[in-house]
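The values are calculated or read from the model by the stated rules, or taken from the named source; none is laboratory data. Note that the coordinates shown come from a computational prediction; the quantities given were computed from them, not determined experimentally. Glycine also receives a Cβ, built like all others from the backbone with ideal geometry; neighbour counts cover every protein chain displayed. Note: areas computed on protein heavy atoms with side chains; ligands, DNA, RNA excluded. Shrake-Rupley method; radii C 1.70, N 1.55, O 1.52, S 1.80 Å.
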Amino acid sequence: MAGLFESIFDALYLVLVISIGIKLLLLEDKSAKTFGVMGVVLGLGDSFHLVPRIMAHMTQNGMEQFASILSWGKMITSITMTIFYLLYYKHYKKENHKENKMLDCTIYLLTIVRIILTVLPQNKWGTSDPNLTWNIIRNIPFTIMGIILIAISYNEKGLFRKYSILIALSFIFYVPVVLFADKYAIVGMLMMPKTVAYFMLVYVAYKHYKTQFKTADILETALITLIFGLSAGVFFREFTKIFAFKGKTMLSVIHTHTLILGFVFGIILYLLISRIKNVDYKKIKMPIKLWSAGLVLTIVMMWIKGIYQVIGGNAELFNQNMFSGIAGLGHIALGIGIVWLMMYIVKESKLQIL
């Protein structure tokens, strides 16, 4: 059961962090776009490790079965995490107008050393027997880089002090995993709060740059669901092809659900609300959140169930009733959000006719 909850957590994180990254990229502010790239890089990079973990949880002895792909995914994630912090440093410099050639050289050198150490064969990537010594060695420059970023960010007031605390938390949770996870599996659970710290870093930036809700936000949400809907179609085709699966799976209908309940409904909602004069954004903000949250949870549960149907081999890995209950929460939130929004639109349309 723990594997199911971790899978839901991982899938929600990937969808949300990439979505927020895209929303930041759509803002006019160039600094927001930098954080948008950071969010997308973080989400896409982590997917190389987290998607195989979800696969491993959805089949018996999955950790052993997918040991190789999990290992290679960890390597890619290690590189993208380093790039994430390099982008953060560039953002820090630009926002605070800091010029320090010595510090620049240090950060770039640590980045290069970290990536070189990560790709060396001594790490034993692709095996189920990782090299603990090299795991520690490759994380030394990464940790030094983190300490530097924490220190320089903490010296700044306001937003960057918040960033420094979140970066510090990510390393506080990450270092014990590097040192002890191989011996004590329970320590690996610290990767979840570390992931939350990463997500909050991007989310805090989003809340800083995105101060007001506007009708155009609905259009942005529709665009994001279009991207995920099309991606879901590609994932279904390639995933079932890799495992030579010919049966029925929820993966086959995720793209249609996402496109209709997300993209198409989003476009319709945008057009209808655009016709209303003096829109009360406070009244539509909550139902839009319910619609968005319900759609995300619904699609995530369909995705996890679809993966299980393809590779699970009918093994009883989790309580099906509990799974259906969690998925049902997504359906409920989605339904309430859509009905609530339509009730508001109908009411406002009648008032304007009168």
Open item on the list: Can you find, within region 228-237, the residue that is farthest from Val51 (Cα to Cα) among those that are aliphatic (A, V, I, L, M) and open to solvent by 40 Å² or more (accessible area, probe 1.4 Å)?
Closed with: Leu230
TODO: Within region 123-131, identify whether any single residue is part of a helix (DSSP H, G or I), out of contact with any Pro (no Cβ under 8 Å at 6 or more places or on another chain) and either more than 30 Å from Lys157 (Cβ to Cβ) or not assigned by the TED database to the domain that holds Val17 (or both), and answer yes or no.
DONE: no
Open item on the list: Residue under question is Ile307, and the condition is that it be open to solvent by 40 Å² or more (accessible area, probe 1.4 Å), β-branched (Val, Ile, Thr) and at pLDDT 90 or above; does it hold?
Closed with: no
Task: Within region 1-118, helices (runs of 4 or more DSSP H) holding 2 or more residues that are crowded, with 21+ Cβ neighbours inside 10 Å and either of a type in the set (Gly, Ala, Ser) or on the phi > 0 side of the Ramachandran plot (or both) - done: 2-25, 30-57, 67-96
Open item on the list: Out of the residues in region 272-289 meeting the condition of being open to solvent by 30 Å² or more (accessible area, probe 1.4 Å) and under 29 Å from the mean Cα position of the chain (by Cα), tell me which one is nearest to Ile332 (Cα to Cα).
Closed with: Lys289
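For every residue, the table says whether it meets (1) assigned by the TED database to the domain that holds Leu230; (2) among the aromatic types (Phe, Trp, Tyr); (3) farther than 30 Å from Met63 by Cβ.
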| site | (1), (2), (3) |
| --- | --- |
| Gly262 | yes, no, yes |
| Phe265 | yes, yes, yes |
| Met286 | yes, no, yes |
| Ala293 | yes, no, yes |
| Met301 | yes, no, no |
| Ala327 | yes, no, no |
TODO: Quickly run through region 132-166 and pick out the residues that are in a helix (DSSP H, G or I), open to solvent by 60 Å² or more (accessible area, probe 1.4 Å) and within 27 Å of Lys94 (Cβ to Cβ).
DONE: Ile144, Ile147, Tyr154, Arg161, Lys162, Ile165
TODO: Evaluate the following for Leu259: is it surrounded by fewer than 17 Cβ atoms within 10 Å (Cβ to Cβ) and over 14 Å from Thr215 (Cβ atoms)?
DONE: no
Open item on the list: Against the definition (under 23 Å from the mean Cα position of the chain (by Cα) and without any contact (Cβ under 8 Å) to a residue 24 or more places away in the chain), how does Ile260 come out, yes or no?
Closed with: yes
TODO: Scan Thr249, Thr221, Thr225, Thr240 and give me the residue that is open to solvent by less than 50 Å² (accessible area, probe 1.4 Å) and outside any helix (DSSP H, G or I).
DONE: Thr249
Task: Checking Ile186 against (1) of a type outside the set (Asp, Glu); (2) open to solvent by less than 40 Å² (accessible area, probe 1.4 Å); (3) under 24 Å from Pro52 (Cα atoms); (4) modelled with pLDDT under 90, the condition it does not meet - done: (2)
Open item on the list: So, Asp129, is that one open to solvent by 80 Å² or more (accessible area, probe 1.4 Å), over 27 Å from Ile8 (Cβ atoms) and not basic (Lys, Arg) or not?
Closed with: yes
Open item on the list: Just to be sure before I move on: is Lys241 in contact with a helix residue (DSSP H, G or I) (Cβ under 8 Å, 6 or more places away or on another chain) and not small (Gly, Ala, Ser) in the structure I sent?
Closed with: no
